[in-house]
Amino acid sequence: MNFLEKLKMQKECEKPPPPLESPLFWTEISDSVSHRFQFGPDGRLSVKVLDDARPVIHKMVDSFLSKFFPSGYPYSVSEGYLRYTQFRALQHFTSAALSVLSTQSLLFAAGLRPTPAQATAVSWVLKDGMQHVGKLICSNLGARMDSEPKSWRILADVLYDLGTGLEVLSPLCPHLFLEMAGLGNFAKGMAVVAARATRLPIYSSFAKEGNLSDLFAKGEAISTLFNVVGLGAGIQLASTVCSSMQGKLIVGPLLSIIHIYSVVEEMRAAPVDTLNPQRTAMIVADFLKTGKISSPADLRYREDLLFTGRLIEDAGNVKVGRPLRKFMKPSELGQLKQIFPEEKFVLSRGNKWVDMVLEHDATGEDALRGWLVAAYAAHMGKSSHEPRASVLQKAYDKMSDVYYPFLSELRAKGWHTDRFLDGTGSRFAW
């Protein structure tokens, strides 16, 4: 054995023993439930229930939550999700019951005498057949639905109930069966497309931890459950109270009222976190009045879901998206470009409102800058008689002073400023 080999063996003998490995599993006890947590060879964490001493009712509630609510609920979703889900369930229950009654009425008007079970089966055929027509009609309305998903979701259910009402009334005028059935199914086809198109923006507003797929899956599970329950209730009503036309004329409007009320409350509970004209105006108005930034949850119950294009005086009465040619002279456009040389918006004050038009690639941040300038100029204009260009310059300077702290807090509140959803508003390019 040479000298190098002896030296190598001596170093190996001097190596410290390997440290003891820490346990790969542990047990946690919480609320009378013992869980064993263990890391597998692949590094994944597995959970096993060792002992569950909770009452049966608590186990059932926990099982329901795990199947119909996102993982980590309530910490993984935004505020208002429970209320949204409650009214969503009621909405699907009433709409499913209405669909059975309306289909039964259609078959009566056509001279048939269906059983409630037949009405349930045919309702799916009629509804699915009209979706293709609705898609064609609604294909150019997608941008508007992105801007105001809540309002379009409510309109979808109003259209659905209008179509259902025409179908329920069809036995009263059997000679107009084709006309009433066609109009009813057309309205319901439009409603289906509008409801599906607005589903993703609403779900996205609750995806607090990027868990959109989980939210979507659990939301659809609840919808399916209460659709089935609603179909069962509709079959029962069609067999008893609503077997006559008089019964349908009483129960139908009541179900429709509950249905529309449910979807309105459902939409009011959703804290949509994207910027559109109405929400941007409300944010700016609150900031100018209180110096604070409102969060999506703060604004959700204050949004006007009927008159979405209303002007807000405290935010400068700004109207977005009118074509430049309708209100801007070439000389005025050149003057504004000198005041705002690097900005992606132009402003023009009229008698009743301020027009703002954005460049084609403007984001929510650009819209916020323009809105702040318009709001500051409107407030300064009330107490100043300076030339319009001078007021705009002072308003722009004031906006520049507050903008970055304003934007930082806006993002901290959960707003997405990378895009501005102005529907089908006009934009320009130099």
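The values are calculated or read from the model by the stated rules, or taken from the named source; none is laboratory data. Keep in mind it's a predicted model, so treat the numbers as computed, not measured. Cβ placement follows ideal geometry from the backbone for every residue including glycine, while neighbour counts extend to all protein chains displayed. Note: accessible area is taken over every heavy atom of the protein model, side chains too, but ligands, DNA and RNA are not part of it. Shrake-Rupley method; radii C 1.70, N 1.55, O 1.52, S 1.80 Å.
Quick notes
- Any hit, region 38-48, residues being open to solvent by 20 Å² or more (accessible area, probe 1.4 Å), modelled with pLDDT of 75 or more and assigned to a strand (DSSP E or B): yes
- Of all residues in region 289-298, those satisfying the criterion of being out of contact with any Pro (no Cβ under 8 Å at 6 or more places or on another chain) and surrounded by 16 or more Cβ atoms within 10 Å (Cβ to Cβ) are Ile293, Ser294, Asp298.
- One residue from Ala238, Ala221, Ala233 being more than 31 Å from the chain's Cα centre (by Cα) and within 18 Å of Ser95 (Cα to Cα): Ala238
- Among the candidates Arg419, Arg369, Arg411, the residue that is under 30 Å from Ala270 (Cα atoms) and touching a residue at least 60 places away in the same chain (Cβ under 8 Å) is uniquely Arg419.
- Enumerated helices (runs of 4 or more DSSP H) restricted to region 163-281, each holding at least 1 residues that are among the polar types (S, T, N, Q) and over 30 Å from Leu299 (Cβ atoms): 177-197, 212-239, 245-269
- Here region 306-332 is the region considered, the condition is being part of a loop (DSSP other than H, G, I, E, B) and open to solvent by less than 30 Å² (accessible area, probe 1.4 Å), and the residue that is nearest to Ala362 (Cα to Cα) is Gly321.
- Residue in region 187-198 that is modelled with pLDDT under 90 and open to solvent by 50 Å² or more (accessible area, probe 1.4 Å) present: yes
- Positions within region 320-345 being in contact (Cβ under 8 Å) with a residue 60 or more places away in the chain and under 30 Å from the mean Cα position of the chain (by Cα), in sequence order: Val320, Gly321, Arg322, Pro323
A quick yes/no check of all residues on (1) closer than 18 Å to Ile283 by Cβ; (2) open to solvent by less than 30 Å² (accessible area, probe 1.4 Å); (3) of a type in the set (D, E, K, R); (4) outside any helix (DSSP H, G or I):
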site: Glu342; (1), (2), (3), (4): no, no, yes, yes
site: Ala375; (1), (2), (3), (4): yes, yes, no, no
site: Lys382; (1), (2), (3), (4): no, no, yes, no
site: Gln393; (1), (2), (3), (4): no, no, no, no
site: Asp397; (1), (2), (3), (4): no, no, yes, no
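- Residues satisfying the stated conditions in region 344-367, i.e. in a helix (DSSP H, G or I) and among the small types (Gly, Ala, Ser): Gly364, Ala367
- Qualifying residue in region 238-253 (condition: crowded, with 22+ Cβ neighbours inside 10 Å, touching a helix residue (DSSP H, G or I) at 6+ places or on another chain (Cβ under 8 Å), in contact (Cβ under 8 Å) with a residue 24 or more places away in the chain and closer than 30 Å to Ala207 by Cα): no
- Condition met for Leu176 (under 19 Å from Thr424 (Cα atoms), without any contact (Cβ under 8 Å) to a residue 60 or more places away in the chain and either among the aromatic types (Phe, Trp, Tyr) or open to solvent by 40 Å² or more (accessible area, probe 1.4 Å) (or both)): no
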